[in-house]
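Chemist: Have a look at this one.
The values are calculated or read from the model by the stated rules, or taken from the named source; none is laboratory data. Here the structure is a predicted model, which is why all the values come from computation and not from measurement. In this analysis, Cβ positions are derived from the backbone assuming ideal geometry, glycine residues included, and neighbour counts consider all displayed protein chains. The accessibility values were calculated without ligands, DNA or RNA, using every heavy atom of the protein model including side chains. Shrake-Rupley method; radii C 1.70, N 1.55, O 1.52, S 1.80 Å.
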Amino acid sequence: MEGFGYKDFTLQWHITHRCNLRCRHCYQDDYSAFDSLDDLLPVLDQFSALLKEYGCVGRLNLTGGEPLTHPDLFRLLTLARERGIRTGVLTNGTLLGEWEARRLRACGVDYVQVSLDGCKSVHDSIRGKGSFDRAVSGIIALRAQNIFTSVSFTAQSQNLRELPKLARYCDALGVDKLWFDRVVIPDAEDKDRLTLSASDFRRLTNKAAALNRRGKVFCGRSLQFIPCKKKLFYRCAAGDNLLIVLANGDVMPCRRLPIVIGNVRDSDLLTLHRESPVMRELRGLGIPDGCRDCKYAEMCRGGSKCVAYAKTGRYDVPDPDCRLALS
């Protein structure tokens, strides 16, 4: 059988699409969920079988919707940890209190990521009044339990100038890591014009680079074009050591690359990863022609496939926001 030599493999699992917030840039368009532990366990079994076949470390990120609305979240985290799978929770933070933080620590969670899209007024305008204070309260509860806490900032036209102020705020809170990414919405669906232009993105990454040099922000994910202190370049994992499972069972190579390759109720993760024509094509992509002369080509290999797909309809072309291409 085909072998990939992976050191680790990540499953981002949207165990529910139900949420207590309605954010402006949300990708969810339904409110389905894995309704019970009996419904969840077969997917955990599938992921365990994939990890055993590939002989690599498993990383399971549970998200939603809002994962803390799911009654079986803590039990699922415990069962995954008992199988040797490293776990994380991606949350809006508004349902996190002292009790939830203690439960997460007892489950052995490796980290929790909380979304903040700016400081109070801007964040609340995107995610709803009062959501900033509740999310910050959740971060404080996590830090009190010594849980590794990261903050995710989704860069969009509305919060373009917020990153430096948010970086200072997160530093004061004792957040372990702040990273940011671009909102990714296909042009035809971006009715509120939230997507950054390439020039906006370049200005934002200049700010991020300065913050990174002062140790205030981690540059990664879709920001592989930022000149970082430690040259932290990230290679897009879509089609490689990453799979997404949505709350209706659909499987995708990346949450922001909206191509469904199958469903866990009709097939299994290992088969879909190995045999999906889309996954095979993504894995087989070489360095795009426009990137071949770049000194970072082997590390980056063209940038974010989801951004390229949203802006051009293709994932085999260079990321159109690449700051090096614009230089």
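Chemist: Calculated FRET efficiency, Arg161 and Ala198, Cβ-Cβ r, R0 30 Å, to nearest 0.05?
Modeler: E between Arg161 and Ala198, to the nearest 0.05, is 0.95.
Chemist: From the protein chains alone at 1.4 Å, what is the descending order of accessible area for Met299, Met279, largest first?
Modeler: Order by accessible area, largest first: Met299, Met279.
Chemist: Largest first, how would Tyr315, Tyr169 line up by accessible area (1.4 Å probe)?
Modeler: In descending accessible area the options line up as Tyr169, Tyr315.
Chemist: Also, I was wondering about something else. What aspartates and glutamates does Lys120 reach when the alpha-carbon gap must be under 12 Å and sequence neighbours fewer than 8 apart in one chain are set aside?
Modeler: Partners within reach: Asp133, Glu162.
Chemist: Ignoring ligands, DNA and RNA, what accessible area per residue does the chain give at 1.4 Å, in Å²?
Modeler: It amounts to 44 Å² per residue over the chain.
Chemist: Which pairs, out of Lys165/Lys295; Lys191/Lys295; Lys7/Lys207; Lys129/Lys177; Lys52/Lys177; Lys52/Lys311, put more than 28 Å between their alpha-carbon atoms?
Modeler: Correct reply: Lys165/Lys295; Lys191/Lys295; Lys7/Lys207; Lys52/Lys177; Lys52/Lys311.
Chemist: Which percent of Cα-Cα pairs in the chain sits in each 10 Å bin, short to long?
Modeler: 6, 26, 36, 27, 6, 0
Chemist: To the nearest 10 Å², what's Val175's accessible area with a 1.4 Å probe?
Modeler: Around 20 Å² of this residue is reachable by solvent.
Chemist: Here's another thing I want to ask about it. What is the pair-distance distribution P(r) of the stretch 22-175, computed from all Cα-Cα distances in 5 Å bins starting at 0, with each bin given as a whole percent?
Modeler: Using 5 Å bins, I get a P(r) of 2, 9, 17, 20, 18, 15, 10, 6, 2, 0 for the stretch 22-175.
Chemist: Based on the alpha-carbon set only, what is the convex hull volume of the stretch 135-204 divided per residue, in Å³?
Modeler: 96 Å³
Chemist: Then there is this: With each run of n ≥ 4 DSSP H residues scored as -39500 (n - 2.57), what mean residue ellipticity at 222 nm is computed for the chain after dividing by its residue count and rounding to the nearest 500 deg cm²/dmol?
Modeler: So the calculated ellipticity at 222 nm is -10500 deg cm²/dmol.
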